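**Student:** Questions regarding the structure given below will be posed in turn.
The values are calculated or read from the model by the stated rules, or taken from the named source; none is laboratory data. Computed from a prediction, not measured in an experiment: that's the story for all the values here. Don't worry about glycine lacking a Cβ; one is built from the backbone with ideal geometry, like all the others, and counts go over all protein chains shown.
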Amino acid sequence: MFLRKHVVSRGEKRYVSYRLCRTVRKGGTVRQEIVANLGKLSDREAERIGRQLLALAGKLPPQGVEPQQGLSYLYGGPLLVQTLMELAQWEPLLRPLGETRRRLDLYRTLTVALCAQLLAPGSELQTTEWQRQLVFTREPYAIPYHHFLSALDVLADCHPALEDGLFARVTHLFNQKVDLVFYDLTSSYFEGAGPADLARRGYSRDGRPDCPQIVVGLAVTKDGFPFAWRVHPGNTVDVKTMEAMTEDFRRRFPIDRCLIVGDSGLLSEEAAERMRALGLRYLMGLRAANNDLAQQAIAATHDQAPAGQIGEVTYWPPQLCDGKAYIVLHSPGRHAKTRAIAQRKLEAVRPKLQQLERDVRAGKVRTEATIAARATRILVQAKATPLFESEVGPRHFAWRERLAKLEAIEQDGGKYVLQTNELTLQAAEAVMAYRQLEVVEDGFRRLKDTLRLRPLYHRTAHRVLGHVGLCVLALFLLRLLEQRLLAASLCHSAEKALASVQELRAVEVSLPTGPVWPLPYVSPTSAAIFRALGITDPKARFKADLQTLEEPPTPA
C-alpha cells in the first residue's frame, strides 16, 4: 500500500486530501484501488503515516536519517523508442553493420541517437549531453561524442542495406502489400557553407533561397512507411531524381504491381518515357496551365457527365490517348483558392495599370520602351501576366482584362488532370491513390518539424547522408507507433504519445544502505500506450532494465 496526495483546484483555491491506495492485478491488468480516503491531513500526519507504511514494508531508514532524492532520469520516452525498435526487429539489421567499426556498439549508439531524434532533436554534440538524462547512459555509461559521428558514417556506408532491410520489414514483418509507392521531394538548407559537392543554391521549399541546400527524395508506402531515400545537390532538377530512383525500384525491390505516385513537379515527357522503358507504372499530376493535352482533357468534360465523387472531389471517366490515360478531377477547395488568387492579382494590378495609364496621358512616361518595361514589371511582380493584355506605343498605353481567361478560371479553376500509363486503373482507384500522396507530404512535415531535418550543420557529404538516414529511421518508428495506436483504438498522434509517456521518470533515492529506485508512477494514458506496444507491466520492465546495467541499483 502507499499514500497518495490528491489535489483539486477550483478557481483560485486548492483542496488537498490524502488517500490510502494499493496496487492489485485483475487478469492481465494492473490497477490501483483506493483503500481509504483519509481526508485532509497536516504535513506531519502525512509524514507519520508514510513512515508507518515504510516500516510495514521493511524499508524504513534508520532513526534520524532522512532519504535523499537524487537525480531524475527520463524513462518512459526511451522505453517507448526501444520497444518500437524491438517490434521492428532492428537489432539483427543494425548490429552487424557496425562490426567493422572497432569498439562501436552501433545498435546501442543508434538507440540513444533515435531517442534523442524523437524526444529532443539536436546536433550530435547536444545528444552527447542529453543522454545523461537517460537511466542506461548516465555516468559512467555515457556514449562518447565520436561514436555518434561514427554511427552516421555507418548509416551512409550501408545505405542500400538499410533500404533493403526496411522494405523487407514492411513486406514480411508487417505483412503489407507494396503496390503503391509515393515519391516526392523536399529541400533542407545549411547553416554555413556545407559540403561543396552537395550544398548548392536552388529552388528552396523552405523559403530560404539565401542558403545552400540539398534536395531529398523520399519513397513511402501507401501506409506511410518510408523505405528509400536519396540525397541530391541543391540545384538538382526534380525529374533527374525520379530517373535515378525508378531504376532502383525495378532492380532491387520485388514489387508486384509498382504504381509510382508523384505530383506535377516530377512529370515530364522524358521522365514518363524513361519509366515506360523500365516497365514501371506511374500516376502523376499534370500542370494543366502549360500542357495542351491536359487542357484538351479538361475541355472534354464540359459536355460529359462526371463518373463519380469521392469526398468532395468529383472525377470524370479516363480519356485514352497515345497509350496514356488522362483523368480529370474537380476540387471545390482548389476552385475557391484559384478564384481567390485571381481576384487578389486583379485587385493588386488594376490600380497600378490605371496609374500608368494616367502617367502616359500626362506625358510623364513617353517612350514606348519605358511604357512597356513598366507595364511588364507590374504584371510580372504580381504574377498576373496571363490575366491582362495591353497595347503599347509612343505616348500610348491601353490595357484590358482577359475575359476568356477569367471565365475559364470561373468554370474550370478547380479542375486538375492525372496522367497514368496504367490503362487498367479505374478512375476511382486513381483518385484515391493520388489523394494518398499526402502521406509523403506528412512525412516531410515530420522530418522537418518533429525530427528537425533542417537546418543542416555537417560539413561532409557522408555525414549529411547519414543524418538524413537517421531522420528517416526515426520517421519509420513514428509511423509504426501510429499504426499500433490505431490498432488499439487510441486516438493519439505519435507526437502526443511520445509527450504523454515522458512523465514516466526514474528517480534515484539515496539511503545509508545504498541507492534505491522507487517504482515510477504510470498514468492510465501512458499505461494504455504501452499496452498498445505489448508492454502490460512497465514497472516490471523497469526492474528488468535496472538489472541489465553493469552495477544495477536495487529497485525499491
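**Student:** Can you name the residue in the range 328-340 that is hydrophobic (A, V, I, L, M, F, W, C) and touching a Lys or Arg at 6+ places or on another chain (Cβ under 9 Å) and, of all such residues, is nearest to residue 299 (Cα to Cα)?
**Tutor:** Residue satisfying both the conditions and the ranking: 328.
**Student:** Going through the range 139-173 one residue at a time, which ones are part of a loop (DSSP other than H, G, I, E, B) and either touching an Asp or Glu at 6+ places or on another chain (Cβ under 8 Å) or at pLDDT 80 or above (or both)?
**Tutor:** Those that are part of a loop (DSSP other than H, G, I, E, B) and either touching an Asp or Glu at 6+ places or on another chain (Cβ under 8 Å) or at pLDDT 80 or above (or both): 141, 142, 143, 144, 158.
**Student:** Any residue that is under 16 Å from residue 183 (Cβ atoms) and either of a type in the set (Gly, Ala, Ser) or modelled with pLDDT of 90 or more (or both) - is there at least one of those in the range 301-309?
**Tutor:** No, the conditions are met nowhere in the range 301-309.
**Student:** Okay, moving on. From the set of residues in the range 331-365 that are touching a residue at least 24 places away in the same chain (Cβ under 8 Å) and out of contact with any helix residue (DSSP H, G or I) (no Cβ under 8 Å at 6 or more places or on another chain), which is surrounded by the fewest Cβ atoms within 10 Å (Cβ to Cβ)?
**Tutor:** Of everything passing the filter in the range 331-365, 363 is surrounded by the fewest Cβ atoms within 10 Å (Cβ to Cβ).
**Student:** Let me ask something else. Are any residues in the range 389-429 part of a helix (DSSP H, G or I) and closer than 28 Å to residue 369 by Cβ, and if so, which ones?
**Tutor:** Within the range 389-429, just 405 meets the criteria.
**Student:** Can you tell me which residue in the range 423-435 is nearest to the chain's Cα centre (by Cα), limited to those that are surrounded by fewer than 17 Cβ atoms within 10 Å (Cβ to Cβ) and not hydrophobic (A, V, I, L, M, F, W, C)?
**Tutor:** 435
**Student:** Right, another one. Within the range 472-480, is even one residue among the hydrophobic types (A, V, I, L, M, F, W, C), in contact (Cβ under 8 Å) with a residue 60 or more places away in the chain, buried (at least 22 other Cβ atoms within 10 Å of the Cβ) and touching a Lys or Arg at 6+ places or on another chain (Cβ under 8 Å)?
**Tutor:** Taking every residue of the range 472-480 in turn, at least one turns out to be among the hydrophobic types (A, V, I, L, M, F, W, C), in contact (Cβ under 8 Å) with a residue 60 or more places away in the chain, buried (at least 22 other Cβ atoms within 10 Å of the Cβ) and touching a Lys or Arg at 6+ places or on another chain (Cβ under 8 Å).
**Student:** Mind checking which pairs have a first residue in the range 192-206 that is without any contact (Cβ under 8 Å) to a residue 12 or more places away in the chain and a second that is surrounded by 15 or more Cβ atoms within 10 Å (Cβ to Cβ), Cβ under 9 Å, 6 or more apart or different chains?
**Tutor:** 196/461
**Student:** Right, another one. Would you say residue 456 is modelled with pLDDT under 90 and in contact with a His (Cβ under 9 Å, 6 or more places away or on another chain)?
**Tutor:** Answer is yes for this residue.
**Student:** Within the range 164-175, can one find any residue that is of a type in the set (D, E, K, R) and either in contact with a Pro (Cβ under 6 Å, 6 or more places away or on another chain) or exposed (fewer than 15 other Cβ atoms within 10 Å of the Cβ) (or both)?
**Tutor:** no
**Student:** Need pairs with beta-carbon distance below 8 Å; first residue β-branched (Val, Ile, Thr) and within the range 75-91, second not in a helix (DSSP H, G or I); sequence gap 6+ or separate chains.
**Tutor:** If the second residue must be not in a helix (DSSP H, G or I), the pairs left are 83/533; 83/534; 83/535.
Here is a yes/no grid of residues against (1) more than 19 Å from residue 138 (Cα to Cα); (2) in the same structural domain as residue 146 (by TED's automatic domain parsing); (3) of a type in the set (Lys, Arg); (4) in contact with a Cys (Cβ under 8 Å, 6 or more places away or on another chain):
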site	(1), (2), (3), (4)
96	yes, yes, no, no
108	no, yes, yes, no
111	no, yes, no, no
116	no, yes, no, no
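**Student:** Considering 358, 339, 377, which residue is farther than 30 Å from residue 421 by Cβ and within 35 Å of the chain's Cα centre (by Cα)?
**Tutor:** Unique residue meeting the criteria: 339.
**Student:** Another question about this same structure. Only one residue in 457, 416 is hydroxyl-bearing (Ser, Thr, Tyr), closer than 24 Å to residue 280 by Cα, in contact with a strand residue (DSSP E or B) (Cβ under 9 Å, 6 or more places away or on another chain) and surrounded by 14 or more Cβ atoms within 10 Å (Cβ to Cβ). Which one?
**Tutor:** 416
**Student:** Determine if the range 444-459 includes at least one residue that is assigned to a helix (DSSP H, G or I) and without any contact (Cβ under 8 Å) to a residue 12 or more places away in the chain.
**Tutor:** So far as the range 444-459 goes, yes, one or more of its residues are assigned to a helix (DSSP H, G or I) and without any contact (Cβ under 8 Å) to a residue 12 or more places away in the chain.
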